[in-house]
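Here is the structure we will look at, set down as structure tokens.
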Amino acid sequence: METLKDQLNARVTAYDHWATRRRYGADGHNNCRLWVLACMDERLPVDEALGIHVDTPAGGGDAHCFRNAGGIVTDDAIRSAMLTCNFFGTKEIVIVQHTQCGMLSANAADMERMLQEKGIDTNALTLDPTLPELKLDKGNFAKWIGMMDDVDESCMKTVEIFRNHPLIPKDVVVSGWVWEVETRRLRAPTRDMEKRARTDVTAAQFGVKLKQPARWR
Ligand SMILES: [Zn+2]
């Protein structure tokens, strides 16, 4: 018969392994061997959208989760994905962007102008004071902001970039999804206008007239 003592011993051992996971490299992977890239928006509930528990309860922890404005590729998204996929046992990347995203709501060139009007020299910035070597060429600040024309297109391109990046191992499975804020449903990114009809997915729907500075060629 298994006693409560046996159960508690097993639970304490399992918790100790969980708490010290990062010492075990790939053997200390998170529960789903998963890295999630998602927009920081409060209307995108990552756990509900993906049916996982990113970091709760204690003793659980399905994924490493990286959130930024848009859920787009940035140097730090690549850095974080590189670490978890090469050193912490992660085998899958899931990217979640969403409708009604703030990254659709303005043109990046206008935003740069607004910052300049506040007296900020957008052509002479240290992006990361701990890494002054990380530089933008002059004239590329608006591009760096990463505003989107179309969230479905952005999601598909983001998937491609992670699939093809030299720092991401080729056997890592990469997929991208769009969370519909209006319907609280997850769907695959699509160019099918009918499937997008219930939602706002383009900057034009926010009244943005000019195209964003192109981040992808
Ligand atoms: Zn967003």
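Coordinate-derived values only; no laboratory data. The shown structure was predicted, so the numbers you read here are calculated from the model rather than taken from an experiment. Note: ideal-geometry Cβ built from the backbone for every residue, glycine included; neighbour counts use all protein chains shown.
From its DSSP helices (H runs of at least four residues, each -39,500 (n - 2.57)), the chain gives a residue-normalised ellipticity at 222 nm of -9000 deg cm²/dmol.
The Cα center of the stretch 109-158 and the Cα center of the stretch 1-23 differ in position by 47 Å.
For the residue pairs Lys91/Lys138; Lys91/Lys157; Lys5/Lys91; Lys143/Lys170; Lys118/Lys209, the alpha carbons lie more than 30 Å apart in Lys91/Lys138; Lys5/Lys91. Let me know the shape class of the stretch 90-158, please: from the alpha-carbon gyration tensor, a ≥ b ≥ c as square roots of the eigenvalues, rounded when a/c is under 1.5, otherwise prolate if a/b is greater than b/c, or oblate. Verdict is oblate for the stretch 90-158.
For the stretch 46-181, the Cβ-based charge dipole about the Cα centre amounts to some 360 debye (Lys, Arg positive; Asp, Glu negative; other atoms uncharged). Rounded, prolate or oblate: which fits the stretch 128-196 when a ≥ b ≥ c are the square roots of the eigenvalues of the alpha-carbon gyration tensor, with rounded for a/c under 1.5 and prolate only if a/b beats b/c? Cα axes put the stretch 128-196 in the oblate bin.
Residue ranges 4-11, 111-118, 90-97 sort as 90-97, 111-118, 4-11 when ordered by packing (mean number of other C-beta atoms within 10 Å per residue, highest first). For the stretch 175-217, a/c is not less than 1.5, where a ≥ b ≥ c are the root eigenvalues of the C-alpha gyration tensor, and a/b does not top b/c. That puts it in the oblate class. The alpha carbons of the chain stretch over 71, 46, 34 Å along the principal axes, in descending order.
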